[in-house]
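The values are calculated or read from the model by the stated rules, or taken from the named source; none is laboratory data. These numbers were taken from a predicted model, which means no experiment stands behind them. Please note: Cβ atoms are built from the backbone with ideal geometry, for glycine as well, and neighbour counts cover all protein chains shown.
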Amino acid sequence: MAETKQAGQGQFLTFRLEEETYALEITRVREVLDNIKITKVPKMPAFIKGVINLRGGVVPVVDLRLKFDSSETPQTVDTCIIIVESITNEEITLLGALADRVQEVIELEEADILPPPKMGAGLNTNFIRGMGKYNDEFIIILNIDKVFSTGELALVQQVSETTPPPPDTD
């Protein structure tokens, strides 16, 4: 009989944004793409870079660096797009997240995941699921469902539903 995993325990995809290591639950990651052409959509917030054609479907791409009030993700040979599932109101939204580079899939035990830091009343850290301890380093584990507000996710979903797929570049 398979052992049921406790809350906080599991596998995570790690990736870099600038000098920091972040992680997402592997169950929420669909795939990782090389940095492909992103088609810009007019009048979108700066953190929504545009859309990509993923097997005939439109997937919005967001720049997590910009979302986290940092500099724009530079285009390098390591830049990639992580296709993730975000769930709001029981509805799955696919989106691409730009990352400087993907590192590896790691396994963390519950004891290796600390609660998110308390940063004071004025700062929202709800999007941080926890702080993973791995190889003497802290990894910021994101709760992808809370990185974007409901309104931002609604906008992302609207973009994917109303924008025709860009031409396939394969």
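Looking only at the range 31-51, count how many residues are out of contact with any Ser or Thr (no Cβ under 7 Å at 6 or more places or on another chain) and surrounded by 14 or more Cβ atoms within 10 Å (Cβ to Cβ).
8
Restricting to the range 67-92, and then to whatever is within 14 Å of residue 29 (Cβ to Cβ) and at pLDDT below 90, can you tell me which residue is nearest to the chain's Cα centre (by Cα)?
That would be 86.
Any chance the range 111-126 includes a residue that's touching a residue at least 24 places away in the same chain (Cβ under 8 Å) and either charged (D, E, K, R) or within 23 Å of residue 36 (Cα to Cα) (or both)?
Within the range 111-126, not a single residue is touching a residue at least 24 places away in the same chain (Cβ under 8 Å) and either charged (D, E, K, R) or within 23 Å of residue 36 (Cα to Cα) (or both).
For residues that are more than 19 Å from residue 22 (Cα to Cα), in contact (Cβ under 8 Å) with a residue 12 or more places away in the chain and not in a strand (DSSP E or B), tally how many sit in the range 45-63.
So the answer is 3.
Scan the range 124-142 and tell me whether some residue there is touching a strand residue (DSSP E or B) at 6+ places or on another chain (Cβ under 7 Å), of a type in the set (Asp, Glu), surrounded by fewer than 17 Cβ atoms within 10 Å (Cβ to Cβ) and at pLDDT 70 or above.
yes
Name the residues in the range 16-26 that are within 13 Å of residue 82 (Cβ to Cβ) and surrounded by fewer than 16 Cβ atoms within 10 Å (Cβ to Cβ), would you?
Within the range 16-26, 16, 26 qualify.
Step by step: first the residues of the range 75-118, then only those that are among the charged types (D, E, K, R) and in contact with a Lys or Arg (Cβ under 6 Å, 6 or more places away or on another chain), then the one that is farthest from residue 57 (Cα to Cα). Which residue is that?
That would be 112.
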